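Taking it in order: structure first as C-alpha cells, then the write-up.
Every read-out reported here was derived from the displayed coordinates using simple, explicitly stated rules and does not represent laboratory data. Given the structure is predicted, the values throughout are model-derived calculations rather than measurements. Here the Cβ is made from the backbone with ideal geometry for all residues, glycine too, and neighbour counts use every protein chain on show.
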Amino acid sequence: MRIVVAIKQVLDPRGFTVNRKAEKIFVNHEEYMINPADKSALEVALQIKDTVEAEIVVLCGGPERANEALRQAWAMGADRGIQLTDKLFAGADGLVAARLLAAAIRKLGGVEVALTGERALDTGAGEVGPRLAEALGWPHILAAHRVGLADGAVKVIAKADRFVEVEAPRPAVVIVANGANQPRYANAARVINSYQKWNPEVWNAADLGLTETDLAVAVVKRGLAFPAERQPGTVLSSAGELVGMLKRQRVI
Amino acid sequence: MDFDLKPEHRALQKSIREFMQEEVKPLVKQIDRDSRVPDELLKKAGAAGLFGIPFSQKYGGMGAGEIGYCILMEEMGRVDASTTAIIGAHTGIGVMTLYLDGTEELKQRYLPDLCSGKKIAAFALTEANAGSDAASIRMKATREGDSYMLDGEKMWITNGPIADVLSVLAITDASLGARGGATCFAVESNWEGFTAGKREEKMGLHGSPTAALKFDNVRVPQENVIGKVGLGFVTMMKTLDIGRVSLGAATLGGAEVSLESALQWAKARHQFGRNLANMQSLQFMIADMASEIEALRSLVYRTAWLVDNGRPHTKEAGMCKLLGSEIASRCIDRALQIHGALGLTRDGQIERGWRDSRINEIFEGTNEIQRIVIASELFQEIGVRIRP
C-alpha cells in the first residue's frame with residue numbers, strides 16, 4: 001500500500017530570536033527543520049510500515065534547500081522523496097499548497113492514506129490538511145494521535161475535547177496532531193547515505209500538469225503584526241488557594 | 001581549502017545533536033549520581049548507529065569516517081562525559097583494533113554486532129606495572145594446539161565490566177618482550193576463565209565502568225589473533241594513534257560548553273552594579289578560552305582529515321589529545337572561577353564537568369607520553385631516534 005506524507009520545511013526556532021520591542025525577528029543561524037507536526041505524521045507512516053507492507057512517499061514543496069528535509073525523511077525510513085519545486089510555486093498559500101499536493105498524489109496514483117501535520121510552526125494556519133482532502137474529494141480526520149488500518153478504512157484515535165476513536169474509508173487524509181508521538185531517530189548510516197547514495201525526485205508545475213491559473217493564491221498577505229503579549233499565569237498549589245482567588249475576583 | 005563540513009556530515013551533526021539533547025541531556029545528573037548509564041540509553045544510541053560511526057558500511061558501520069566520528073565525539077563531549085567514554089572506548093580503541101588489523105573473517109564475525117551496539121568492545125592494554133610504560137606488560141599467551149591460553153591481569157579497563165569483546169595484548173614470546181613478542185587477541189568476555197573485577201570508584205566519569213580484568217587461562221582460538229603474531233604492540237599503538245584524534249574532539253565539546261556556560265553566567269550575574277560581562281578580568285578569561293577552543297577545533301578536524309585521507313597523523317593526533325585535554329581542563333577551571341561558589345555546587349554542571357575533565361590528561365596515554373610521542377616524531381624527521 002502506498003502512503004504519502006506531506007511535510008513542510010520551516011526555520012528552526014533555535015536559530016532566531018524575537019525582539020518584541022523592535023517588532024523584529026533576528027535570524028542568527030539560518031537553519032531549517034522538518035515541521036514538528038509533519039515529522040510526527042512521518043512517524044505515524046513509519047509505524048504503519050512497521051506492521052504492514054507499505055511504500056512511504058514523502059512530498060515537500062519549496063526551493064532547493066527542501067531536499068535536506070526530504071533526505072532527513074528518507075534517512076528516517078521513507079522510501080521515496082519528491083521535491084515540488086517551480087518558480088510558479090513561490091508565495092503559495094494554503095490553497096495552492098493543497099492543490100500542489102493533490103496534483104502530486106493524483107500523479108503518483110494508488111495512494112491510500114495521505115498524512116500531514118496539523119499545523120506549521122511558522123504560519124500556524126493549519127489549512128493544508130483539510131484543503132488537501134477537499135481538493136482530492138477524500139474524507140479527512142483531524143488531530144490524529146494514533147493511526148491504524150482496518151479493512152478498507154483508517155482507524156484513528158483523535159483528540160477533540162477528549163480522545164475519540166473515529167474511522168474513515170480509504171483513501172483518506174489524516175492530519176496528525178502536534179506532539180502525537182516521538183519521531184524515531186534516523187540511523188547514522190542512512191543519514192550518510194541520504195546524501196551519498198540517494199537523491200529526491202524533483203517535480204515542477206509542468207510535471208504536475210498545473211498552470212498559472214491553478215496556482216493563483218486565494219489569500220493575500222497585507223502585513224504582519226505581533227500578537228498581544230500574554231500575561232504570565234499564576235501557579236497555585238491547592239484547590240483552597242484557587243477558591244480563595246476566584247472569590248477575591250468575584251467569579252464565585 | 002574547504003573548511004565547511006560536507007552536507008552529509010552536517011546532517012549527521014544535526015541528528016546526533018538532537019539525540020544528545022533529547023535522550024542524554026535529561027539523564028546527565030542521574031548518570032553521575034547513580035554511576036551508571038542506563039542500558040536503555042545505550043540501546044537507543046545503538047539503534048541510532050552511534051556505536052559504529054567511523055567504520056565502513058561493509059561491516060555494518062555507518063561509513064562516516066574519522067570526521068564523522070569526531071563530530072560524534074564533539075557533540076557527545078558537549079553533553080555527557082560518561083556516555084562519551086563508553087562509546088569512545090568502544091569505537092575509538094576497542095573496535096578500532098579489529099578494524100585496523102583484524103582478518104576479514106574476524107571483522108565479518110564481530111563488527112556488525114559491535115557497530116550496531118548489540119555488543120560492546122573494550123581495549124585491554126594497561127596492567128598494574130605497565131601504565132605509561134606499556135611495553136612492560138606481563139600477561140602471557142601460551143600456545144596450546146590451535147589455541148592460545150591467556151593468563152594474567154589487566155587494570156583500569158574502560159568498559160571492562162560491560163564489554164562483550166575485548167582487544168587484549170599479551171606476551172607470546174617473552175625473550176622478545178613487547179616489541180616483537182607481544183600479540184593482540186580478540187577475546188569474548190563469556191569465555192571461561194575471564195572475570196571483571198568490581199567497578200572502580202573514580203573522581204569523575206562516574207557512569208563509565210572501569211575495572212581490573214582477570215584472565216585465568218582463557219582459551220583463545222588462533223583465528224582470534226588480531227594482526228600478526230608478535231606484532232601486537234604495533235597494532236595497539238596504531239590504534240591509540242587514531243583514538244587520540246577523537247579524544248581531542250570529545251575534549252573540544254567539553255571546552256565549548258565551559259565557554260558557553262561562562263558566557264551565560266557573565267551575562268546574568270551582576271556585581272558592583274554591572275554584569276560580569278563588563279569586567280575586563282572576565283573578558284580576558286573568556287577571550288583566552290575562545291581562542292584556545294578555535295585553535296583546537298582547527299587542529300582536531302584537520303587531523304581527522306589526515307586520517308580520512310590516509311596521511312601520516314601520529315604527531316598531530318598526539319597534539320589533539322595533549323592540547324585538547326589541557327584546554328578542556330583550563331576552560332572548565334576558568335568557567336568554575338567565573339561561577340564562583342555556585343560552580344562548586346553539586347547541582348550545577350560545572351562541578352561535574354571539572355571532575356569529568358581531569359582524566360583526559362591521563363587516559364589513552366598520559367600527556368607526558370603524548371609529549372614524548374610528539375618529540376620523537378619531530379626528532380625522527382631530522383634523523384634522531386628517541387628511545388622510549
Expressed to one decimal in nm², the mean projection of the alpha carbon convex hull of chain A is 18.0 nm²
Distance (nanometres) between label positions extended 7 Å along Cα→Cβ at B:Arg179 and B:Phe3
4.0 nm
nm² value of the averaged projected area, convex hull over the Cα atoms of the protein assembly as shown:
37.4 nm²
Per GNM of chain B with C-alpha springs under 10 angstrom, the most fluctuating residue out of B:Gly254, B:Gly353, B:Gly63 is B:Gly63
So, with +1 on the Cβ of K and R and -1 on the Cβ of D and E, and no other charges, what is the size of the charge dipole of the protein assembly as shown about its Cα centre, to the nearest 20 debye?
1360 debye
Rg followed by Dmax, in Å, when the stretch B:126-202 is reduced to its Cα trace
12.7, 41
Within the stretch A:1-95, DSSP-loop trypsin sites (Lys or Arg not before Pro) with at most 13 other C-beta atoms within 10 Å are A:Arg20, A:Lys21, A:Arg65
How long is the gain from B:Arg302 to B:Lys29 if the chain were fully straight, where each residue apart is worth 0.36 nm and the alpha carbon distance is subtracted?
94.9 nm
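Any chance you could run the full-extension gain for B:Asp216 through B:Met203? It's 0.36 nm times the residue separation minus the Cα-Cα distance, nm to one decimal.
Stretched fully, the B:Asp216-B:Met203 segment lengthens by 1.7 nm.
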Could you give the angle, 0 to 90 degrees to the nearest 10, between helix B:314-339's Cα long axis and the longest principal axis of the Cα atoms of chain B?
40 degrees
Other protein chain Cβ atoms within 10 Å, averaged over every residue that makes up A:179-191
6
Assigning unit charges at the beta carbon (Lys, Arg +1; Asp, Glu -1) and nothing else, what dipole magnitude in debye, to the nearest 20, does chain A show about its Cα centre?
800 debye
Can you list residues whose amide H is under 5 Å from B:Thr126's amide H, if they're 5+ apart or on another chain and H is modeled 1.01 Å from N?
B:Met155
Expressed as cubic angstrom per residue, what is the convex hull volume of the alpha carbon set of chain B?
142 Å³
Among A:Tyr185, B:Ile242, B:Val257, which residue has its Cα furthest toward the positive end of the charge dipole of the protein assembly as shown, with +1 on Lys/Arg Cβ and -1 on Asp/Glu Cβ?
B:Val257
Taking every residue of B:56-63, the Cβ atoms of other protein chains inside 10 Å of its Cβ average out to 3
Relative contact order (percent) for chain A, with alpha-carbon contacts under 8 angstrom and 6 or more residues of separation?
23 percent
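Evaluate E = 1/(1 + (r/R0)^6) for B:Met237 and A:Ala153, where r is the Cβ-Cβ distance and R0 equals 60 Å; express this FRET efficiency to the nearest 0.05.
Numbers: r = 64 Å, r/R0 = 1.07.
Here the calculated transfer efficiency is 0.40.
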Beyond 30 Å (Cα-Cα) in this structure, taken from B:Lys118/B:Lys315; B:Lys29/B:Lys267; A:Lys87/A:Lys197; B:Lys140/B:Lys238, we find B:Lys118/B:Lys315
Shape box of the stretch B:275-388 [Cα atoms, principal axes, largest first, Å]:
55, 25, 25
Note down the net charge around B:Ala212, summing +1 for each Lys or Arg and -1 for each Asp or Glu among other residues with Cβ under 11 Å from its Cβ.
+1
So how tilted is helix A:239-248 from the main axis of chain A? Cα-based, degrees 0 to 90, rounded to 10.
70 degrees
Between the modelled labels at A:Asp161 and A:Arg248 (7 Å from Cα along Cα→Cβ) the distance in nm is 3.0 nm
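Report the FRET efficiency, 1/(1 + (r/R0)^6), for A:Gln196 and A:Gln231, where r is their Cβ-Cβ distance and R0 is 56 Å, rounded to 0.05. The partial results should precede the final answer.
Numbers: r = 51 Å, r/R0 = 0.92.
With R0 = 56 Å, the Cβ-Cβ based efficiency is 0.65.
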Which residues make up the longest stretch of chain B that has no trypsin sites (Lys or Arg not before Pro) in a DSSP loop with at most 12 other Cβ atoms within 10 Å?
B:1-197
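Placing +1 at every Lys and Arg Cβ and -1 at every Asp and Glu Cβ, with all other atoms neutral, what dipole size does the stretch A:109-151 have around its Cα centre, in debye to the nearest 20? Could the numbers behind the result be given before it?
Working: 3 positive and 6 negative charges, 17 e Å.
Value, rounded to 20: 80 debye.
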Calculated FRET value between B:Leu378 and A:Ala125, using beta carbons and R₀ = 56 Å, to 0.05
0.30
Relative to the longest principal axis of the C-alpha atoms of chain B, give the angle of the C-alpha long axis of helix B:104-115, reported between 0 and 90° and rounded to the nearest 10°.
30 degrees
For the pair B:Glu294/B:Glu260, report the inter-label distance in nm, with labels modelled 7 Å from Cα in the Cβ direction.
1.9 nm
Please work out the C-alpha center-to-center distance from the stretch A:224-252 to the stretch B:176-239 and express it in whole Å.
64 Å
Most to least packed among B:50-56, B:190-196 [average Cβ atoms within 10 Å]
B:50-56, B:190-196
Straight-distance crosslink candidates among lysines, where the alpha carbon sits under 16 Å from A:Lys24 and sequence neighbours closer than 8 are dropped
none
Can you list the HN-Hα couplings for the stretch A:102-116, worked out from phi with the Karplus curve (6.51, -1.76, 1.60; θ = phi - 60°), rounded to whole Hz and with x for Gly and Pro?
4, 4, 5, 5, 5, 4, 5, x, x, 7, 9, 9, 10, 10, 8
